[in-house]
Amino acid sequence: MGEPILSIQDLSVHFFKDKSVVQAVNHLNLQLGVGETLGLVGETGAGKTTTAMSIMNLIPNPPGKIVGGKIMFDGEDVLKKSKRELRKMRGHDISMIFQDPMTSLNPVLTVGDQIAEVIRLHSQVSRAEASIKAQEMLEMVGISGERYGDYPHQFSGGMKQRVVIAIALACNPRLLIADEPTTALDVTIQAQVLEMIADLKHKLNTAMILITHDLGVVAQVCDKVAIMYAGEIVEYGDLSDIYEHASHPYTQGLFGSIPDLDKDTDRLNPIAGLMPDPTNLPKGCSFSPRCPHCTEACKTQDPELREISPGHTVKCLMFQNQEE
Ligand SMILES: Nc1ncnc2c1ncn2[C@@H]1O[C@H](COP(=O)(O)OP(=O)(O)OP(=O)(O)O)[C@@H](O)[C@H]1O
Ligand code: SF4
Ligand SMILES: [Mg+2]
């Protein structure tokens, strides 16, 4: 990777409740190069949305707080930006498609005006220029520009999702974060929307973080994969590292015993047991209560990330101890 566009260093995010603290993200490190697409995969509650919201500096405080770490975007620390700088960054440099995108459209504004509004907010153009650009954006996501004046309720679910993507891409962001962008759609539309995202990414060279439970989606769109468990990245690498050489016991469990790019592994395998309670994480390796390879050492020693081949890192004592 050349100079990364995004670099997250030792990020920890907690939510403070009455008597307990949810440790949603714990000492997370992640880098993303210009134009790269990263798949962020993990079970529900792993901390994926919290990580995404941190990058936008949108963690609701209270109850949430970024308790440690640094998020560098294009050489600047997102967490040190003023409110004004953040407003400029969101939508312009970094865009996010939220987990429930249907709620991001305003029912009383036409879809064209909603796209044009974002364009005008972030660039010095006239109303007329913004509306032409908005029509182009609609065409780009496969909707006729003539539908500029229609309202969200006049569109199908898949089309609404395309509009949300058009809004997210309207200002040519350098980073797009898509949090489960196709989960609410039926399978055929999902495939179309994904194809469109993959296509746009190549055209615009936008870096992307794609959050998903769907391994078929990861295989189709991503260059890099990060596997997240209990607020940590437990394995990270190229698509082929993860699909052909899955090494962390959690990744192996998720993919079934033999993950294979050629096999149709679309669903995460259910692994026996539950994610640990984030208000009371186990000592040592957080996966130890569910891990088939757990030893006594795993229950007390928190593994460090180790690079097992160039660019492929794993957080498991089996690999750490091999070296020692
Ligand atoms: N506003 C909040 N207040 C309290 N706890 C929160 C809040 N937001 C998230 N959490 C907790 O932080 C942890 C991580 O949640 P997060 O939404 O990041 O998970 P996720 O990986 O996106 O899951 P999913 O796949 O279900 O979307 C969970 O235990 C969740 O309950
Ligand atoms: S450190 Fe131990 S418990 Fe954790 S994943 Fe590795 S083998 Fe399993
Ligand atoms: Mg989420």
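The values are calculated or read from the model by the stated rules, or taken from the named source; none is laboratory data. What you are looking at is a predicted structure, and each value in this text was computed from that prediction instead of being measured. All Cβ positions, glycine included, derive from the backbone under ideal geometry; neighbour counts span all protein chains shown. Side chains are part of the model used for accessible areas, which takes the heavy atoms of the whole protein and leaves out ligands, DNA and RNA. Shrake-Rupley method; radii C 1.70, N 1.55, O 1.52, S 1.80 Å.
With the dipole of the chain worked out from charges on the C-beta (+1 for Lys and Arg, -1 for Asp and Glu) around the Cα centre, which of Ser309, Gly273, Ile177 lies farthest toward the positive end?
Farthest towards the positive end: Ile177.
When only DSSP loop residues count, what trypsin sites (Lys or Arg not before Pro) in the stretch 1-78 have their Cβ near at most 13 other Cβ atoms within 10 Å?
Working: sites: Lys17, Lys19, Lys48, Lys65, Lys70; in loops: Lys17, Lys19.
Passing both the DSSP loop test and the Cβ count: Lys17, Lys19.
Got the relative contact order for the chain handy, in percent, Cα pairs under 8 Å and 6 or more residues apart? Each step should come with its number before you reach the end.
Values: 618 pairs, mean separation 61.9, N = 324.
Relative contact order of the chain: 19 percent.
If each of Val108 and Glu85 carries a label point 7 Å out from its Cα toward its Cβ, how far apart are those two points in nm?
3.6 nm
Between His153 and Asp186, what is the spin-label point distance in nm, taking each point 7 Å from the Cα along the Cα→C-beta axis?
If labels sit at His153 and Asp186, their model points lie 2.2 nm apart.
Could you list, in their original order, any pairs among Lys224/Lys315; Lys133/Lys203; Lys81/Lys201; Lys201/Lys224 whose Cα atoms are separated by more than 19 Å?
Values: Lys224/Lys315 17 Å; Lys133/Lys203 16 Å; Lys81/Lys201 27 Å; Lys201/Lys224 14 Å.
The answer is Lys81/Lys201.
Could you work out the helix-only [θ] at 222 nm for the chain, with each DSSP H run of four or more residues adding -39,500 (n - 2.57) and the total divided by the number of residues, to the nearest 500 deg cm²/dmol? Spell out each step's value before the answer.
Details: 10 runs with 101 residues, N = 324.
Rounded to the nearest 500, the figure is -9000 deg cm²/dmol.
If a helix is a whole DSSP H run, which ones in the chain reach 27 Å or further along their own axis (Cα) and hold a mean Kyte-Doolittle hydropathy of at least -0.5?
Values: long enough: none.
For the chain, where a helix must reach 27 Å along its axis and average at least -0.5, there are no hits.
So for the pair Ser309, Glu244, with labels modelled 7 Å out along Cα→Cβ, what separation do we get in nm?
0.7 nm
Between Lys65 and Glu139, what length in nm is gained on full extension when 0.36 nm per residue of separation is reduced by their alpha carbon distance? The partial results should precede the final answer.
Numbers: separation 74, 0.36 × 74 = 26.64 nm, distance 4.01 nm.
In short, 22.6 nm is gained.
What per residue convex hull volume, in Å³, do the alpha-carbon atoms of the stretch 45-199 yield?
Values: hull volume 20.6 nm³, N = 155.
Each residue corresponds to 133 Å³ of Cα convex hull volume.
Could you tell me whether the chain comes out rounded, prolate or oblate from its Cα gyration tensor? Rule is a ≥ b ≥ c as square roots of the eigenvalues, rounded for a/c under 1.5, then prolate if a/b exceeds b/c, otherwise oblate. All intermediate terms of the calculation are to be shown ahead of the outcome.
Working: a/c = 2.02, a/b = 1.66, b/c = 1.22.
Here the chain falls in the prolate category.
Compare Leu204, Leu79, Leu254 in a GNM of the chain, Cα atoms joined below 10 Å, and give the one with the largest fluctuation.
Leu204
For the stretch 197-248 and the stretch 14-40, what is the separation of their Cα centres, given in Å?
Going from one Cα centre to the other spans 16 Å.
Find the accessible area per residue for the chain; the probe is 1.4 Å, ligands and nucleic acids are left out, and the unit is Å².
With all protein chains present, the chain gives 48 Å² per residue.
What residue among Val218, Val163, Val22 has the largest mean-square fluctuation in a Gaussian network model of the chain, using Cα springs under 10 Å?
Highest fluctuation of the listed residues: Val22.
Peptides 156-162, 282-288: what's the order by average Cβ count within 10 Å, highest mean first?
Details: 156-162: 18.7, 282-288: 21.0.
Ranking, from highest mean packing down: 282-288, 156-162.
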